[in-house]
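J.: Provided herewith is a single structure, encoded as structure tokens, for subsequent inquiry.
The values are calculated or read from the model by the stated rules, or taken from the named source; none is laboratory data. Note that the structure is predicted; figures quoted are calculated from it, not measured. Note: ideal-geometry Cβ built from the backbone for every residue, glycine included; neighbour counts use all protein chains shown. These accessible areas exclude ligands, DNA and RNA; they are computed on the full protein's heavy atoms, side chains included. Shrake-Rupley method; radii C 1.70, N 1.55, O 1.52, S 1.80 Å.
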Amino acid sequence: MSVLQLKDRGQDVINQLSELLVVSDLHLFGLSVVKDNQPLFLDLEQKLSLYLPKSWRKNTLKEEVVLSLKVQYFVENAQQIVNNEARQLYYAELKGRVLRSECFEQEGLYFQLAAYALQADLGDYEEPNFAYFSPQGFLPFWIIQKRGNDYILKHIPTLHKELKGMSSSEAALHFMQEALTLSDVPITIYRMFKEKNKPQGCILIGLASGGLQISEALNGNQQFLYDMPWSDIHTITFQGRKFVISADGLREQKMVFYSSSVLHAINLLQHMSNSHRLHLNTKPLVTRLKEKNGTHREMYITDGADLDMDDSEDELPPLKFLLDQKRTTGTTECTNVKDSDVSMGPCGLEMSVDEPEEMFVDDPEDILRLVELVEGVSVDGPLLLPISYQKGEIRMWYYDT
């Protein structure tokens, strides 16, 4: 059990998790809470108290709060993850996302993914006298419902047999690479609204490594509207809760919608900006991987501990380096706006999404420091990092599953 204070910051939690999980590189992961049924990644430089319900600060009855360690930044090629322990965590989350995936037109891919997962988890196929796996742990429910357990238990072992001799790490790498091709797996969904203070008219923004996917929720169904690669987006701005996207292919060249709070708007823009910057920074690396894989050359994977990027063209720089690179272009503008969600004057901020060669965009560093008081956060989610309150302290338990 680890103990954290309310005044501690998100980075303190990450540091303790890094020690508990024995993972030296968690830079693709973030701490997530859920507010209004959507994810909210913590700014790791902020105090934990910023994201806790008011009851925690008023020393009244404390409601349960759960922080979840989740993938915050999706890569375009699984070989970009050079730390073995981080890759195992990444694999575990993608496996769970595949079970919730609904790319109905790619049913065959799910069977191949199940075979890779069995090879990664169990090793080579051995002739069993019983069903050696549960379909619920390897396939989405809609496939089980469609095909039935008997069909699945008959055909997946055949695919598993074909992978004989493949190492667990190689099978997991193949699984991740194929899972990343499913459109609803490497993506974070944020719910927005067409009008301020009106929950009707819900817009879903899907944040992926290559850009944004915009959909509209109508009568319980999701209607796809726009696929926006970063190169098509001119600017993304927010002022208070108002969000504006200016991009090619849009009616009137822009979309306007509203977040559920200023805090959500700030964190969303920060998440977008960092994802775009990572996309730009890793372009040469992704190109190199495609070229090497295309010529069947083996890529040497290093954990980056003794990295010298000039020594070998076959070594991959750690993603921490790519995430931490200093921005070289982009501007932000802050103006005072009125909004009831925060006590201080929030900031209007613009993210420029131009791509001059390999330049980077501004990310809203330290913007969250403008927000001192927010509404209480009701948290739900995977029990990876439960946190509870006792005598002015936050206690953290890690469940080894």
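J.: Using 7 Å Cα-to-Cβ label points, what is the Ile189/Glu64 separation (nm, one decimal)?
T.: In this crude spin-label approximation the distance works out to 2.4 nm.
J.: Right, something else. With viscosity set to 0.692 mPa s and temperature to 37 °C, compute the Stokes-Einstein D of the range 70-118, Rh being the Kirkwood radius across alpha carbon pairs; µm²/s, no decimals. Mind showing how you got there, number by number?
T.: Details: Rh = 12.0 Å.
In µm²/s, the coefficient rounds to 273.
J.: OK, next. Compute the Cα gyration tensor for the range 77-149, then decide on rounded, prolate or oblate, letting a ≥ b ≥ c be the square roots of its eigenvalues: rounded whenever a/c is under 1.5, prolate when a/b is larger than b/c in the other cases, and oblate in all that remain. Working shown, then result.
T.: Values: a/c = 2.31, a/b = 1.26, b/c = 1.84.
Judged from the Cα gyration tensor, the range 77-149 comes out oblate (a/c at least 1.5, b/c at or above a/b).
J.: If you average the C-alpha positions of the range 63-86 and of the range 146-165 separately, how far apart do those two centres end up, in angstrom?
T.: Going from one Cα centre to the other spans 29 Å.
J.: Further question on the same structure: Could you compute the net charge surrounding His160? Neighbours are other residues with a C-beta less than 11 Å from the C-beta of His160; K and R count +1, D and E count -1. Provide the component values of the computation, followed by the final result.
T.: On the way: positive: Lys161, Lys164; negative: Asp121, Asp124, Glu126, Glu162.
Around His160, the surrounding residues sum to -2.
J.: What is the gain in length, in nm to one decimal, between Lys154 and Gln223 on full extension, counting 0.36 nm per residue of separation less the C-alpha to C-alpha distance? Could you put the intermediate results ahead of the total?
T.: Details: separation 69, 0.36 × 69 = 24.84 nm, distance 3.58 nm.
Length difference between fully extended and current span is 21.3 nm.
J.: So, one more: Suppose a student asked you for the relative contact order of the range 175-230, using Cα pairs under 8 Å spaced at least 6 residues apart; what percent would you report? Walk me through the numbers on the way to the answer.
T.: On the way: 90 pairs, mean separation 12.6, N = 56.
Answer for the range 175-230 is 23 percent.
J.: To continue, here is another question. May I ask you to rank Ser168, Ser55 by accessible area, largest first, using a 1.4 Å probe over the protein chains only? Spell out each step's value before the answer.
T.: Numbers: Ser168 60, Ser55 20 Å².
The most accessible residue leads, giving Ser168, Ser55.
J.: Using 0.36 nm per residue of separation minus the Cα-Cα distance, give me the extension gain between Glu252 and Phe141 in nm, one decimal.
T.: Taking Glu252 through Phe141 to full extension adds about 35.9 nm, to one decimal.
J.: At a 1.4 Å probe radius, carbon and sulfur cover how many percent of the accessible area of the range 214-280? Spell out each step's value before the answer.
T.: On the way: 1100 of 2640 Å².
C and S fraction of accessible area: 42 percent.
J.: Taking 0.36 nm per residue of sequence separation and subtracting the Cα-Cα distance, how much length would be gained by fully extending the chain between Lys292 and Lys7, in nm to one decimal? Provide the component values of the computation, followed by the final result.
T.: Numbers: separation 285, 0.36 × 285 = 102.60 nm, distance 4.75 nm.
That pair, Lys292 and Lys7, stretches by 97.8 nm at full extension.
J.: Let me ask another. Quick one, what does Rg over Rh come out to for the range 111-210 if you take C-alpha atoms and the Kirkwood Rh?
T.: Numbers: Rg = 18.4 Å, Rh = 15.9 Å.
That ratio equals 1.16.
J.: Of Tyr125, Asn77, Leu89, which is farthest along the charge dipole of the range 58-140 in the positive direction, counting Lys and Arg as +1 and Asp and Glu as -1 at C-beta?
T.: Final value for the positive-end residue is Leu89.
J.: If you don't mind, there's one more thing I want to ask. Where does each of Thr282, Thr235 land when they are ordered by accessible area, with a 1.4 Å probe and the largest first? Could you put the intermediate results ahead of the total?
T.: On the way: Thr282 5, Thr235 35 Å².
Result of the area sort, largest leading: Thr235, Thr282.
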